[in-house]
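Please find one structure pasted underneath; my questions will follow.
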Amino acid sequence: MPVSTYKILIDGKWISSESGETYSRVNPANYSEVIGKFQQGNEKDVNKAVDAAEDAFEKWREVPPPKRGEILLKVAQLLKENKEELSRVMTREMGKVLAETRGDVQEAIDICEYMAGEGRRLFGRTTTSELPNKFSMTVRLPLGPVACITPWNFPIAIPAWKLSAALISGNTVVFKPSSDTPLCAIKFVEILEKAGLPKGVVNLVTGPGETVGTRLVKHKKIRAVSFTGHKDTGTQILKEAGIGKRVGLELGSKNPIIVMDDADLRLALDGVLWGAFGTCGQRCTAASRVIVHKKVEQKFERMLVERTKKLRLGNGLNPKTDVGPLVNKKAQEKVTKYIEIGEHEGAKLCCGGKTPKLKGWFVEPTVFTNASSDMKIFQDEIFGPVVSLTEAGNLDEAIDLANAVEYGLSSSIYTNNIQNIMKAVKYLEFGLTYVNASTIGSEVHLPFGGAKASGNGFKEAGWTGINLFTEEKTVYIDYSGKLQRAQIDIE
Ligand code: NDP
C-alpha cells in the first residue's frame with residue numbers, strides 16, 4: 001500500500017513544515033508496516049501557528065459559549081459516526097487492543113458532550129458586599145492562545161479533554177501531539193474542522209517535543225500550557241514557561257491496589273489484571289503495585305500468576321488478543337531493563353519477563369513478588385506490563401506502603417469493611433481512590449488529576465476542567481455614587 005504524507009494545520013490550511021522534512025511512524029505490533037509520513041515541524045511553524053491562534057481569538061472570544069457548545073456537540077456526533085474507523089487507526093498507530101481504543105474514542109465523545117453543556121454554565125459567583133449599594137461577582141473569561149501538548153497513550157481522549165475545555169472557554173489552541181500518534185491527532189482535528197470550527201481556532205503542529213514543544217512553552221503569546229506526559233518533561237516545562245503563563249500538568253504515577261484479608265479475592269484479581277495489563281500497563285493510572293494482606297498473600301499470588309500466564313499477547317486488531325505491544329522500541333528496552341533491575345534487587349519473578357520474537361515491541365505480562373519499598377520496581381514508573389506484590393500486616397501498614405512513593409495519582413482498595421474503606425479514603429495520598437474497583441476507569445464528569453508529583457493542582461475534566469483555561473475575574477460594581485472605602489468606611 002502506498003504511504004501517505006500528512007500535513008500540519010495552520011490558519012485553516014493543511015501545509016508542509018518550514019523544515020521541509022518528514023518522519024515515519026510504524027505500527028508497534030508490526031514494525032514493517034508504515035502508518036504514514038508526518039511533518040517534522042519546527043519553531044517557525046510554531047510561530048505561524050501562534051500568530052494564527054492570536055488572530056482567530058479576536059472573533060472566537062465573541063462567539064456565545066452555547067454556540068461554541070453546538071460545535072462540540074457536532075464533534076461528538078462525528079466521533080460517533082467514525083468511532084470504528086478511528087479505533088482501528090488508533091490500534092494500528094499505538095497498539096492497544098480494539099476494545100480499549102473504542103473506549104478511548106468514547107471518552108472523547110463523552111467529554112465533548114460534557115463540555116458542550118459547560119457552554120450554558122461557565123459559572124461565576126455572585127456574593128454580598130461589606131458596603132451598601134455595591135455589587136460583587138466573578139465572571140469567567142478566556143485567556144487567549146493556549147498550547148495543548150499530549151502523550152500517545154490516549155491519543156484522542158486526552159486531546160479531546162484539553163481542547164474541549166479550552167475551546168468552550170473561548171480560547172484558541174495550538175495542539176502539539178505525541179510524535180508516536182500524529183495520525184490520531186490529525187483525524188481528530190479533521191473532525192473539529194468538519195464540525196465547523198472557524199479557521200485558526202485550532203492549529204496542529206506535529207514534530208519533536210524538544211523543538212516544537214519547547215518553542216510553544218516559551219512563546220510569549222501563549223497564555224496557558226496544558227501538558228500530559230512524563231514527570232521530567234513536566235518539570236522542564238514548568239521551568240521554561242516562566243511567569244505570566246499558566247501551566248497545567250498531568251504526570252505519571254505508581255498506583256497501588258490494596259487487597260485486604262476480607263476482600264472478594266476474585267473481584268480483586270479481575271481488578272489487578274485489568275489495572276496492571278490494560279493498555280499493556282501504559283496508563284498513568286495503571287496498577288503497578290499490589291499491597292496484599294499477609295493472610296491472603298500466597299493465595300492471591302497463586303491466583304494472579306495463573307491468570308497472568310493465560311493472557312494472550314498480540315496485535316490489538318485480533319479479537320483474541322488480551323495485551324498489545326508497547327508503543328516503541330525505547331519503551332520495550334526500558335521495561336526489559338526494569339525487569340532485570342527487579343531480579344537484581346531481589347524481588348521474585350513469578351511469571352513473564354521475556355520479549356517474544358515477534359516483529360513488534362512486545363513484553364510478556366510480568367509478575368514480581370517480595371517487592372520492598374526501597375526497590376526501584378516499587379518506586380519508579382515502569383509504564384509497561386509489570387506488577388509487583390508486597391505483603392502488609394494490616395491496613396495501616398498497607399496505607400503507609402501505598403503512600404511511600406513520590407507520586408499520587410490513583411489508588412484502590414478491595415475490602416468489604418466500612419472502617420477500612422473510610423480510612424483508605426481519608427489517608428491514601430492520591431487524587432483518585434477506587435473502592436472495590438481497579439485504579440483505572442475515570443468518568444469525564446468528575447475531576448481527574450494527581451496529588452504530589454503526579455500533577456500541580458490543575459484538575460482536568462468535570463467542573464474543574466475549565467479552571468486552567470479561564471480567568472475567574474472578580475468584579476465590584478459600586479452604584480452608591482460616592483467614594484466607599486472597603487475596610488475603612490464600614491461604620
Ligand atoms: P513525554 O513527556 O515524553 O511526552 C509527552 C508530550 O510532550 C509529547 O507530545 C512530547 O513530544 C512532548 N514533549 C517532549 N519533550 C518536550 C519538551 N521538552 N517540551 C515540550 N514538550 C515536550 O511522555 P510520553 O509521551 O512518553 O507519555 C508517557 C508519560 O505520560 C508517562 O509518564 C505517563 O504517566 C504520563 N501520562 C500521564 C497522564 C495523566 O493524566 N496524569 C495520562 C497519560 C500519560 P514528542 O512525542 O515529540 O517527544
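The values are calculated or read from the model by the stated rules, or taken from the named source; none is laboratory data. Keep in mind that this is a model prediction, so the values were computed, not measured. Here the Cβ positions follow ideal geometry from the backbone for every residue, glycine too, while neighbour counts run over all protein chains shown. In case anyone asks, the SASA skips ligands and DNA or RNA and just uses the protein heavy atoms, side chains included. Shrake-Rupley method; radii C 1.70, N 1.55, O 1.52, S 1.80 Å.
Within region 11-24, is there a residue that is assigned to a strand (DSSP E or B) and either polar (S, T, N, Q) or within 28 Å of residue 461 (Cβ to Cβ) (or both)?
yes
While we're on this one: Restricting to region 199-217, name every residue that is near the ligand (Cβ under 9 Å from one of its atoms) and open to solvent by 10 Å² or more (accessible area, probe 1.4 Å). First the steps, then the outcome.
Initial filter on region 199-217 (near the ligand (Cβ under 9 Å from one of its atoms)): 206-217.
Once the filter is applied, which keeps residues that are near the ligand (Cβ under 9 Å from one of its atoms) and open to solvent by 10 Å² or more (accessible area, probe 1.4 Å), region 199-217 yields 208, 209, 210, 211, 214, 215.
What's the number of the only condition in (1) open to solvent by less than 30 Å² (accessible area, probe 1.4 Å); (2) within 25 Å of residue 94 (Cβ to Cβ); (3) assigned to a helix (DSSP H, G or I); (4) not hydrophobic (A, V, I, L, M, F, W, C) that residue 342 fails to meet?
(2)
On to the next question. Residue 429 passes all but one of (1) open to solvent by less than 70 Å² (accessible area, probe 1.4 Å); (2) part of a loop (DSSP other than H, G, I, E, B); which number fails?
With (1) open to solvent by less than 70 Å² (accessible area, probe 1.4 Å); (2) part of a loop (DSSP other than H, G, I, E, B) applied to residue 429, the lone miss is (1).
Still on this structure: Only one residue in 162, 176 is among the basic types (Lys, Arg), under 15 Å from the mean Cα position of the chain (by Cα) and farther than 22 Å from residue 23 by Cα, so which one is that?
Details: 176 fails: farther than 22 Å from residue 23 by Cα.
Answer to the check: 162.
Would you check if there is a residue in region 139-153 being within 25 Å of residue 217 (Cβ to Cβ), within 16 Å of the ligand (Cβ to nearest atom), in contact with a helix residue (DSSP H, G or I) (Cβ under 8 Å, 6 or more places away or on another chain) and in a helix (DSSP H, G or I)?
No, that holds for no residue.
Give the residues of region 225-247 that are under 19 Å from the mean Cα position of the chain (by Cα), surrounded by fewer than 24 Cβ atoms within 10 Å (Cβ to Cβ) and not in a helix (DSSP H, G or I), sorted by residue number.
229, 230, 246, 247
Of the conditions (1) open to solvent by less than 10 Å² (accessible area, probe 1.4 Å); (2) touching a helix residue (DSSP H, G or I) at 6+ places or on another chain (Cβ under 6 Å), residue 196 fails just one. Which one is it?
Evaluating residue 196 over (1) open to solvent by less than 10 Å² (accessible area, probe 1.4 Å); (2) touching a helix residue (DSSP H, G or I) at 6+ places or on another chain (Cβ under 6 Å) leaves (1) as the failure.
Which of (1) away from the ligand (no atom under 16 Å from the Cβ); (2) not in a helix (DSSP H, G or I) is the odd one out, the single condition residue 269 does not satisfy?
All conditions are met except number (2).
Can you name the condition, by its number, that residue 169 falls short on among (1) open to solvent by less than 10 Å² (accessible area, probe 1.4 Å); (2) closer than 16 Å to residue 49 by Cβ?
Among (1) open to solvent by less than 10 Å² (accessible area, probe 1.4 Å); (2) closer than 16 Å to residue 49 by Cβ, residue 169 violates only (2).
Would you be able to tell me the number of residues in region 19-35 that are in contact (Cβ under 8 Å) with a residue 40 or more places away in the chain and within 25 Å of residue 199 (Cα to Cα)?
Of the residues in region 19-35, 1 are in contact (Cβ under 8 Å) with a residue 40 or more places away in the chain and within 25 Å of residue 199 (Cα to Cα).
Report, by residue number, each residue of region 424-462 that is within 16 Å of the ligand (Cβ to nearest atom) and aromatic (Phe, Trp, Tyr).
Once the filter is applied, which keeps residues that are within 16 Å of the ligand (Cβ to nearest atom) and aromatic (Phe, Trp, Tyr), region 424-462 yields 430, 434, 448, 458.
If you don't mind, there's one more thing I want to ask. Checking residue 334 against (1) more than 22 Å from residue 179 (Cβ to Cβ); (2) charged (D, E, K, R); (3) at pLDDT 95 or above, which test does it fail?
(1) is the only condition that residue 334 fails.
Quick one: which residue in 302, 283 is open to solvent by 70 Å² or more (accessible area, probe 1.4 Å) and assigned by TED's automatic domain parsing to the domain that holds residue 370?
Step by step, each of 302, 283 is checked, and only 302 is open to solvent by 70 Å² or more (accessible area, probe 1.4 Å) and assigned by TED's automatic domain parsing to the domain that holds residue 370.
Could you list, ordered by first residue, the pairs with Cβ atoms under 9 Å in which the first is in region 275-288 and under 15 Å from residue 412 (Cβ atoms) and more than 12 Å from the ligand (Cβ to nearest atom) and the second is acidic (Asp, Glu) and part of a helix (DSSP H, G or I), at least 6 apart or interchain?
Correct list of pairs: 278/100.
Quick check on this structure: which one of 187, 162, 134 is farther than 30 Å from residue 481 by Cβ and open to solvent by 10 Å² or more (accessible area, probe 1.4 Å)?
Criteria check complete, one pass: 187.
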